[in-house]
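The values are calculated or read from the model by the stated rules, or taken from the named source; none is laboratory data. Source: prediction; values computed, not measured. Ideal geometry is used to build each Cβ from the backbone, glycine not excepted, and the neighbour counts take in all protein chains shown.
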Amino acid sequence: MNFNIVEWIQRLMTQFGAGWVMWGLIALSVISVAVMLERGWFYFTLRDDLPKLAADFRALLRKDDLAGARKRLEASPSAEATVVLAGLNEADNGAKSADEAMLGALALQRMKLERRLAFLGTLGNNAPFIGLFGTVIGVVEAFEGLAAQDAAAAQAQSGSMASEQVMGAIAEALVATAVGLMVAIPAVVMFNYFMRHSKAILANTEALTRILMAYLVADPPAKSADGEE
């Protein structure tokens, strides 16, 4: 038995066609839009005036008003406040415990901030290749259709007419590549935007945690006064 793997793959490709690739891209596009909307709403709910939060938090710590500082952080919807609040709740156990608590809370917030972003990044990188795969299938179908013409009909056609048919079939096949790019470009743009926003939140969190750590590692004024006496 002479098994030709090339012919078998060709028959398999032309049997199913490129339609399923197009439907797959459309499904991925719908999922991509859903992820973008969900992530956009998630980041919107975390918005807060960070400079004012930092200023209020610093002022309350300077007054040794830990209860007020805790209430101020609890009133903020931001991820930065959530992380610092975890450290403030461990402040009674010392600066080291507070720092460890904030590191753990920061890791959890990072996971929440970057959730589902890997899907957008993967889709942005691979959607053009999926579209190209559909184009290849379409081109194979186009040339197989031309090859299936009987010799008499092929001879009756002019060369320009045959060329027009080939170019028309290839143009239809290229639609898959175009759709792949249409799916990939928004996914890449939003992935980069969300990642940049996530990094900004993490940087703001680091700045806010330093305010708490500066307070915890400093000698309390009362303790310094007792030492001088």
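Here are the numbers:
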| read-out | value |
| --- | --- |
| Qualifying residue in segment 49-59 (condition: under 21 Å from GLY124 (Cβ atoms) and among the acidic types (Asp, Glu)) | no |
| Qualifying helices (runs of 4 or more DSSP H) (wholly inside segment 47-134; at least 1 residues being closer than 30 Å to LEU28 by Cβ and in contact with a helix residue (DSSP H, G or I) (Cβ under 7 Å, 6 or more places away or on another chain)) | 79-89, 95-113 |
| Meets criteria (modelled with pLDDT of 95 or more, in a helix (DSSP H, G or I), out of contact with any Asp or Glu (no Cβ under 6 Å at 6 or more places or on another chain) and surrounded by 15 or more Cβ atoms within 10 Å (Cβ to Cβ)) for PHE191 | yes |
| Every residue from segment 59-88 that is of a type in the set (Lys, Arg) and buried (at least 16 other Cβ atoms within 10 Å of the Cβ) | ARG70, ARG72 |
| Residue check for ARG116: in contact with an Asp or Glu (Cβ under 9 Å, 6 or more places away or on another chain) and among the basic types (Lys, Arg) | yes |
| Single condition VAL35 does not satisfy, out of (1) surrounded by 12 or more Cβ atoms within 10 Å (Cβ to Cβ); (2) without any contact (Cβ under 8 Å) to a residue 60 or more places away in the chain; (3) of a type in the set (Val, Ile, Thr) | (2) |
